[in-house]
Structures are given as structure tokens and as C-alpha cells.
Amino acid sequence: MTVSKVNRGRTAAAVSLATVLALAATACGDDGSGGSGSGSEGSGKGEITLWDNNTGERRDIWAQIIKDFESQNKDIKVKYVGLPIDQVQQKYDTAIDGGGLPDVGGVGTAYLSNLVVREVLEPVGDRVDAGPLKGKLVPSMVESVKAAGGRGDEMYSVPSSTNNGTLWYRTDLFSRAGLEPPTTWPAFYEAAEKLTEPGTDKFGYTIRGGAGSIAPALDAMYGQSGITSFWKGDKTTVNDPKNVAALEKYVALYKKVTPSADVNNDFIKMVAQYDNGSIGMLMHNLASYQDHVKSLGKEKFKGLPYPAQANGERVQVSNPVDGLGLFKNSKNKAAAWKFIEFAASHKSNSAWNESAGSIPANTDAASDSWIQQAEPTAAAMKALSDGSTKIVDLPYYLPDWNTISKSGNEPNFQKVLLGDMSAQEFADKVAEELNAAQAEWNEQMKK
């Protein structure tokens, strides 16, 4: 299978030689030959390297899991390498072309296909079935991992968690304004307008205009339109007239009920702005729960699943499933797999997700007390399991998906907010790229 056109040109050319050498030096499990080495099972002892795909949020919890693992496996040492979340795919691409992949790495479904296509991940389905994880992973997450890998029923990562889009709202501000919780889109728009005081720093909403802006925009589009499939035949529904109308309504919020700085805000700035200011609502995922607790306390905010339509039906786009991949080039797959099993076990997986504010992949963790105490997480799990939410499955299996849905179109979304591009033009451009990527994928699958 060939690598897609977008991915062929991207990789080490944009990264300094020093970075390539630094990455190569950290990955003891790689033979330095790039992406297609077969590695070996090894002795099951010695040192392995873990790449964390979100070091800004998870360094401390990984340190604890590694400590617990090493205390139970004294002949294995785990070398931790933290990667900023916005540099993960670039780091993997660089290591594939320059040598230096880890033994184990954090792999989300948003870029899983890119790694599978480049033949650097070990299939793990048989390993799961042969060990203690069999029957202990949430089926929907397993299916998401399989679909994102694009190789039929094979798994190329062990799921660790998923997230859910959450509408965070300030209960104190809502109470003061006499507003009910924003459970529907009409209620959301009403609250956004009512909580805004022109000429002050009080706004009803903060919109994501910087890095990571496409996913919440898609949620707003499909959530309002009620369209439940990303594809109609081999053509995407992104530029369906109902979705375009929904996007027009959503982006019209900018500067009317949001700060003007939102056009450049990524999630870090957006969350800080919500926690430190007088903003009524924020759409982000469960991962920001602890930030809100630290800044606001549990009494001043709550989190709900994304709004439902006026008739009560809720539609949202699928969230990436995070997981751990076993890399082919590892010279110690036996030790690396032992660590993956430990990290995905009940105790470790529960602790990891409690720290991250995410939904655990290990089924035994679902009944742990912290989930019920973290009300937004419990509400998200209920919404995803009680049949009230229809999920639009995003095409994570497309090697070009991560580029199209992030760096390739985030600048254009900013243009839409600023009025320099219409919602129709934006949706048409995204749809054209997606349709081309799907057509190329179909051709590759015929080979």
C-alpha cells in the first residue's frame, strides 16, 4: 500500500537534523533503519522506551504507572520521553524517516492510519486475545481502533481512553441571569446572547479559532443539522446545505458574544480565558475538568454533553480513541508488551483516566467511584451508552485525515471567522479534499 500524497512530502525536511538525532538517541528499541524493520521479541528484560503523546497533561500519571510497573518487574526499565500533543505526528514522521522509533508509543486514532500505512506498528489483536486484556476492553473503543487502522478486523493499538465533547457552563452566571442549563442548541444560543454585556469583558461564549478548531466546528455543524452520516456514497456530507447553514449560525457568534481574541485561541488559551474571566460557556472535552475545578471550584460550573436539537435528539461527531502502539522495530517486544498490558489493566487504566478526566477503556474501571464523583464524565458515559446520542463516525482511517482536519484547514476557519471566506467556500474546500482522499483510499484498497 502506498503512502498518500499529502504524507509523502511531509516529514523530516521540516525538522532539524538535531531533532532527528535526538529522537534517534532516545529510542533504544529501534534499529535505526526507519519504519519497516521487524525487530524481535527479545529477552523480556532490559530497557524499553515509551513516548507519551501528551506530556503537558500526563507526565505525572505516567511517572506513577512506570514506578508501579518497575516495582513489579524489576528486570525491566521504562525510559519516558514526553511529546507535546501538537508535535506528535511530526515526531513520528521524523523518526520513521530518520530512525529512532520507540518500543511503545501513545497513538490516537486521528493519526493511527498514517502509522499503519507506513508499516511501523505491530498488529496486537492476537496478543490481546492471548492475555489478561481479552474481554476487558470497551467494545466500541476496540471497533474504533480497528476502523481507524483501516486493515479490517486487525488492531494496531490497545485503546486506553476516549473523550467526549462537553459544554462547560458557569452555574453561577446562569443562575444570576435566570437561565436553565443549556441542554439544547436553542437554549445555548439564547444563553450566549443573554450572558453577553456589550462593552464589557462579559461574554456568553468562547469559540475555538486557533489550533484544534475544526473538530468543534464539525460538532456544531452535525449537532445542529441532525445529519448522522459523514458519507453519502463516496461523497462527504460536510458541505450539505444543512451543515453549511449550521456553520453560518455558529461562526456568527464570533465577536458578537465572544472575545475577539478567540480567533487565535487554542484550547489552552480558551480554557484559561474561561476559568479566569466572566465567560458563560465553553465547548471543550472532559480533559479540562480538573482545570475548571482548580480555578472555579465544583460549585461554579457544570459540564453537559454537547447540546441536543430542539426535539431532544443529540448528534455529535466521534471522538478519537487514544491508545498504546507496539512498534515493529522494537528489539524487546516481550517487555514492551508486558508494559502495555500493565498500563491497560484495571488499576493503571483507571488511575490514568481519572487524572486525564477521560473515559476508561478497561471495562472493570467503569464502576470505579471516581467516575460517579466526576459528574461530567458520568454524564458523558451515560449519553454514549443509553442510545440518546447518534455518533457521526469521522474517517480516521484516511491517512490524510489528520492534515485535512487540522493544519490544512485551520487557517481557513480563521478566515471564516474574520469574514474573509464564506462558510460555503470553507465547507466546499474541506469536502473536495476529503472526497479526493476517500477516492485515493478506495484505489489503494483495490491493490
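The values are calculated or read from the model by the stated rules, or taken from the named source; none is laboratory data. Since we're looking at a predicted model, the values are computed, not measured. In this analysis, Cβ positions are derived from the backbone assuming ideal geometry, glycine residues included, and neighbour counts consider all displayed protein chains. Ligands, DNA and RNA are stripped out before the accessible areas are found, and what is left, the full protein with its side chains, is counted by its heavy atoms. Shrake-Rupley method; radii C 1.70, N 1.55, O 1.52, S 1.80 Å.
Observations on the structure shown:
- Failed criterion for residue 81 (all others in (1) at pLDDT below 95; (2) open to solvent by 10 Å² or more (accessible area, probe 1.4 Å) hold): (1)
- Residue list for the range 107-121, restricted to those being touching a Gly at 6+ places or on another chain (Cβ under 9 Å), surrounded by 20 or more Cβ atoms within 10 Å (Cβ to Cβ) and either of a type in the set (A, V, I, L, M) or in a loop (DSSP other than H, G, I, E, B) (or both): 107, 108, 112, 115, 116, 117, 118, 120, 121
- Within the range 123-132, the residues that satisfy the criterion of being touching a residue at least 24 places away in the same chain (Cβ under 8 Å), surrounded by fewer than 21 Cβ atoms within 10 Å (Cβ to Cβ) and either assigned to a loop (DSSP other than H, G, I, E, B) or within 21 Å of the chain's Cα centre (by Cα) (or both) are 123, 131, 132.
- Scanning the range 249-271 for residues that are within 20 Å of residue 404 (Cα to Cα) and assigned to a helix (DSSP H, G or I) returns 251, 263, 264, 267.
- Inclusion of residue 282 among residues that are farther than 25 Å from residue 379 by Cβ, at pLDDT 95 or above and not small (Gly, Ala, Ser) is not warranted.
- Hits in the range 366-414 (condition: more than 17 Å from the chain's Cα centre (by Cα) and of a type in the set (Lys, Arg)): 382, 390
Every residue, every condition in (1) buried (at least 17 other Cβ atoms within 10 Å of the Cβ); (2) closer than 19 Å to residue 137 by Cα, yes or no:
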site: 353; (1), (2): yes, yes
site: 378; (1), (2): no, yes
site: 388; (1), (2): no, no
site: 403; (1), (2): yes, no
site: 416; (1), (2): yes, no
site: 420; (1), (2): no, no
site: 430; (1), (2): yes, no
site: 444; (1), (2): no, no
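- Test set (1) within 19 Å of residue 111 (Cα to Cα); (2) in contact with a Lys or Arg (Cβ under 7 Å, 6 or more places away or on another chain) - residue 436 fails condition number: (2)
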